[in-house]
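For reference, the structure is listed below as structure tokens.
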Amino acid sequence: MPRTTATLTPSPVPRGADRDRRRATAGVVLRSVLEHGPVARSTIARLTGLSPASVTDYCARFTRLGLVREAEPPRPKGVGRPHVPLDLDDSRFVVGGLHVAVPYTTVALLDLRGRVVRQRELRHEHTDPRWVLPRAAKALAGMLAERRDARPLGVGVAAGGWVDRDSGVVVEHGLLDWRDVPVREVLEAHTGLPVHVDGHARALVNGERLFGRARGSGSVLHLFAGNVVDAAFATHDEVHHGPRSQAGAIAHLPVPGGSEPCACGRTGCLQAELSERTLCRRARAAGVTDGHNPRHVLAAADAGDPVAAALLLERSRATGRAAGLLADVLNPETVVVTEIGAMHRTDCLAALREAVGTERAAHVFPTSFPDSVLAVAGGSVVLDVLYRDPLGASPEAN
Ligand SMILES: [Zn+2]
């Protein structure tokens, strides 16, 4: 991509522990502007426990970088200089968000508030990464060319299966038939931008923490039920990855009474039972649709087909049971579920909540991003990096 200005290059800040602490504090201040803006510096100091001088210093840096701007001051009530509140400047930068699903790749641009400003789905004619990844990079370049007013800060990539965040590698994704695919390396070469990669369940926990319903929640469990089924858990802003990012692999948990054969050779694995493929196959067998798209099952249910509605209800209930088991282990404050029925139908959401358990039902929510969940997953991977370390991950001042 012919862009020379972009970057997540480190700024000159002190080395070692002091540097890490300052970077983390910078993240806390920028998050505070994101969550409360327009907000006075004195309010940020009160909310974060930092000194007013320190907040003023960080905000001055963010203003120079173009991440923050002064908002319209409130009309002064009396004499004296009004406090000029600060707000996130969401006009100057964008990030790329890629999500690789089984049937298609989603390519998107998002602003710093995690809002999707452009989005495209690229169908997979086949899933060879040497074809999928360069094509996605090309689509992203096209979107960036249409938004020359905004500079790209980086690209986030989310996928299901086993994704190692540290190395930027999709270690194993059975349904795509990907093994040890160096996604970060390939996409950095094709885009010329910094690329960050993570599993989509974890990426969406970060999306919910930063931009969605889990803001301010002490702990969050996210269950993603698409074609791939996996989970992620965060406490106090930290998403658990575990060694080589293997946490949350629940695809082959046995479901009591499950009857679906799984690619692993067993029967009744969670992913085989809940997969959208299974939903579509059951819908075809029942004469509801003749295709492979779960949205068609949803459309049939919405048009009044009772068989389609029952299939969706059954899947939401099974998803709720799985979420309930995980919640019993992890005891999260908030449970977020990405599942097509619960996202779009109130009867499915009610069934899912009931299956999680009446005690937790009030703390169970569908994804905050029903119309753009995959784009937000990709974008959240890189926006999480920005909000953790805005001085390390933002553009050099110019
Ligand atoms: Zn299995």
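The values are calculated or read from the model by the stated rules, or taken from the named source; none is laboratory data. Source: prediction; values computed, not measured. Cβ coordinates were reconstructed from backbone atoms using ideal geometry, including for glycine residues, and neighbour counts include every protein chain displayed. What goes into the accessible areas is simple: the full protein's heavy atoms, side chains included, and nothing from ligands, DNA or RNA. Shrake-Rupley method; radii C 1.70, N 1.55, O 1.52, S 1.80 Å.
Every test in (1) small (Gly, Ala, Ser); (2) within 16 Å of the ligand (Cβ to nearest atom); (3) assigned to a loop (DSSP other than H, G, I, E, B) is passed by GLY304 save one, and that test is (2).
Number of residues in segment 235-261 that are under 16 Å from the mean Cα position of the chain (by Cα) and closer than 22 Å to ALA342 by Cα: the value is 1.
Return yes or no: is ALA145 open to solvent by 10 Å² or more (accessible area, probe 1.4 Å) and at pLDDT below 95? In short, no. The residue that is surrounded by the fewest Cβ atoms within 10 Å (Cβ to Cβ), counting only those in segment 26-51 that are within 22 Å of the chain's Cα centre (by Cα) and among the β-branched types (Val, Ile, Thr), is VAL28. Scanning segment 327-336 for residues that are open to solvent by less than 40 Å² (accessible area, probe 1.4 Å) and either assigned to a strand (DSSP E or B) or over 15 Å from ALA361 (Cβ atoms) (or both) gives THR334, VAL335, VAL336. Please enumerate the residues belonging to segment 252-263 that are without any contact (Cβ under 8 Å) to a residue 40 or more places away in the chain and either touching a strand residue (DSSP E or B) at 6+ places or on another chain (Cβ under 7 Å) or within 11 Å of the ligand (Cβ to nearest atom) (or both). Passing the criteria: HIS252, PRO254, GLY258, SER259, GLU260, PRO261, CYS262. Of all residues in segment 288-318, those that are in contact with a strand residue (DSSP E or B) (Cβ under 9 Å, 6 or more places away or on another chain) and among the hydroxyl-bearing types (Ser, Thr, Tyr) total 1. Please determine whether any residue of segment 149-166 is farther than 21 Å from PRO194 by Cβ and either in contact with a helix residue (DSSP H, G or I) (Cβ under 6 Å, 6 or more places away or on another chain) or open to solvent by less than 10 Å² (accessible area, probe 1.4 Å) (or both). Yes, segment 149-166 contains at least one residue that is farther than 21 Å from PRO194 by Cβ and either in contact with a helix residue (DSSP H, G or I) (Cβ under 6 Å, 6 or more places away or on another chain) or open to solvent by less than 10 Å² (accessible area, probe 1.4 Å) (or both).
Confirm whether ALA310 is open to solvent by 10 Å² or more (accessible area, probe 1.4 Å) and modelled with pLDDT of 95 or more.
Yes: the conditions hold for ALA310.
Of everything in segment 264-288 that is in a loop (DSSP other than H, G, I, E, B) and within 11 Å of the ligand (Cβ to nearest atom), the residue that is most open to solvent (accessible area, probe 1.4 Å) is ARG266. When residues in segment 262-293 are screened for being under 24 Å from the mean Cα position of the chain (by Cα) and over 18 Å from VAL337 (Cβ atoms), 3 of them pass.
Every condition in (1) out of contact with any Lys or Arg (no Cβ under 7 Å at 6 or more places or on another chain); (2) in contact (Cβ under 8 Å) with a residue 12 or more places away in the chain; (3) closer than 28 Å to PRO254 by Cβ is met by ASP302 except one, and the failing one is (3). HIS292 falls short on exactly one of the conditions (1) open to solvent by 20 Å² or more (accessible area, probe 1.4 Å); (2) within 13 Å of the ligand (Cβ to nearest atom), and that condition is (2). For segment 367-391, the candidate set comprises residues that are within 14 Å of ALA26 (Cβ to Cβ) and assigned to a helix (DSSP H, G or I); within that set, the residue that is most open to solvent (accessible area, probe 1.4 Å) is ARG388.
Consider ALA323 against the criteria (1) of a type outside the set (Lys, Arg); (2) within 16 Å of the ligand (Cβ to nearest atom); (3) touching a strand residue (DSSP E or B) at 6+ places or on another chain (Cβ under 6 Å): it satisfies all of them except one. Which criterion is unmet? Status for ALA323: all satisfied but (2).
Evaluate the following for GLY248: is it away from the ligand (no atom under 13 Å from the Cβ), assigned to a loop (DSSP other than H, G, I, E, B) and more than 30 Å from LEU386 (Cβ to Cβ)? Considered against the rule, which asks whether it is away from the ligand (no atom under 13 Å from the Cβ), assigned to a loop (DSSP other than H, G, I, E, B) and more than 30 Å from LEU386 (Cβ to Cβ), GLY248 comes out as no. Checking each residue in segment 227-244 for being in contact with a helix residue (DSSP H, G or I) (Cβ under 8 Å, 6 or more places away or on another chain) and more than 16 Å from the ligand (Cβ to nearest atom) picks out ALA232, PHE233, ALA234, ASP237, VAL239, HIS241. Residues satisfying the criterion are present in segment 337-356 (criterion: among the polar types (S, T, N, Q), within 19 Å of SER217 (Cα to Cα) and either surrounded by 24 or more Cβ atoms within 10 Å (Cβ to Cβ) or free of Cβ contacts under 8 Å to residues at least 12 places away in the same chain (or both)). Residues in segment 218-246 that are touching a His at 6+ places or on another chain (Cβ under 9 Å) and open to solvent by 30 Å² or more (accessible area, probe 1.4 Å): PHE233 alone. Yes or no: THR346 among the polar types (S, T, N, Q) and over 18 Å from the mean Cα position of the chain (by Cα)? Spelling it out, THR346 is indeed among the polar types (S, T, N, Q) and over 18 Å from the mean Cα position of the chain (by Cα).
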